[in-house]
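The values are calculated or read from the model by the stated rules, or taken from the named source; none is laboratory data. None of these values were measured; they are calculated from a predicted model. All Cβ positions, glycine included, derive from the backbone under ideal geometry; neighbour counts span all protein chains shown. Side chains included, ligands, DNA and RNA excluded: accessible areas come from the protein's heavy atoms. Shrake-Rupley method; radii C 1.70, N 1.55, O 1.52, S 1.80 Å.
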Amino acid sequence: MRDAWVITIDGPAGVGKSTVARMLSERLGAVFLDTGAMYRTVTAAAMDKGVDLEDVEALLSLIDSTAFRFEHDGPVLRTRADGKDYTQRIREPEVTENVRHVACQGPLRGRLVRMQQDFANRFSKVVTEGRDQGTVVFPDAKWKFFLEADPEERARRRQKDFAAAGKAVALEELKKHILSRDASDINRSVGPLAAAADAIHIDTTRVDAEGVVEIMIRRIEETKNGGH
Ligand code: DC
């Protein structure tokens, strides 16, 4: 497709990637790909089928024998495994806690990377977010962004999300979780959280989601005709 493009947004947990990716995709009339939702769905399906999350071979055969479906539904990636809808279930804390088992194994990541590329191939304009989108999954993406923010601010944002869902969680606890997820995202040997050499870095500590989207649109406009 001549006009097809992908925009990648990578960064650590709680930096605002999903909000920004959703808003940007809407502004640009593109499809939003939430790759974390894919990792979460594989994890939740394995948990529900009683698969040992430490057993890579068992996880591989689960992936190969399960019909995963990822459907674009406006701002949400609707996910299914063998017909069962996982869109809500994957947001549960026990899934968040276990997803690292899937995320840290090379052969499993290989399958997930293919799912992401297959999904993107179905659409002409895609905004994708994750940890390795600009480096591994879509190295030829037309625009790549890498978001950063202080851990303290990221914990505060998570706290607000929880408060909106009626849950009070201590800031210190959230910060601890965020730092431990950072460590596991950065230190894994395959598909680690990393900025592509040609990524545009945006510090979102003091900029809200609308502001970040504006910065992105500006950069996209500036480089529209000639690339970077
Ligand atoms: O963005 P999220 O919180 O929904 O991601 C869930 C987990 O999946 C997170 O712990 C890191 C992992 N992940 C990944 O390893 N690579 C991606 N492209 C997206 C998510």
inquiry  = When you scan segment 70-80, do you find a residue that is over 17 Å from Gln117 (Cβ atoms), at pLDDT below 95, within 16 Å of the ligand (Cβ to nearest atom) and open to solvent by 20 Å² or more (accessible area, probe 1.4 Å), even just one?
reply    = yes
inquiry  = It is to be established whether one or more residues within segment 158-167 are under 22 Å from Ala37 (Cα atoms) and surrounded by 17 or more Cβ atoms within 10 Å (Cβ to Cβ).
reply    = yes
remark   = Scanning segment 132-180 residue by residue, those of a type in the set (A, V, I, L, M, F, W, C) and part of a helix (DSSP H, G or I) turn out to be Val136, Val137, Ala155, Phe162, Ala163, Ala164, Leu171, Leu174, Ile178, Leu179
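Residue by residue, here is whether (1) modelled with pLDDT under 95; (2) among the small types (Gly, Ala, Ser); (3) away from the ligand (no atom under 12 Å from the Cβ) holds:
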| residue | (1), (2), (3) |
| --- | --- |
| Met115 | no, no, no |
| Asp118 | no, no, yes |
| Asn121 | no, no, yes |
| Arg131 | yes, no, no |
| Phe146 | no, no, yes |
| Asp161 | yes, no, no |
| Lys167 | yes, no, yes |
| Ala183 | yes, yes, no |
| Val207 | no, no, yes |
inquiry  = I'd like the residue in segment 107-119 that is open to solvent by less than 10 Å² (accessible area, probe 1.4 Å) and of a type in the set (A, V, I, L, M, F, W, C) and, out of all such residues, is farthest from Gly191 (Cα to Cα).
reply    = Phe119
message = When you check Glu129 against the structure, is it within 22 Å of Ser189 (Cα to Cα), touching a residue at least 12 places away in the same chain (Cβ under 8 Å), open to solvent by 40 Å² or more (accessible area, probe 1.4 Å) and not in a helix (DSSP H, G or I), yes or no?
response = no
key: Selection count where residues are aliphatic (A, V, I, L, M), more than 15 Å from the ligand (Cβ to nearest atom) and in contact with a helix residue (DSSP H, G or I) (Cβ under 8 Å, 6 or more places away or on another chain), scope segment 185-205   = 2
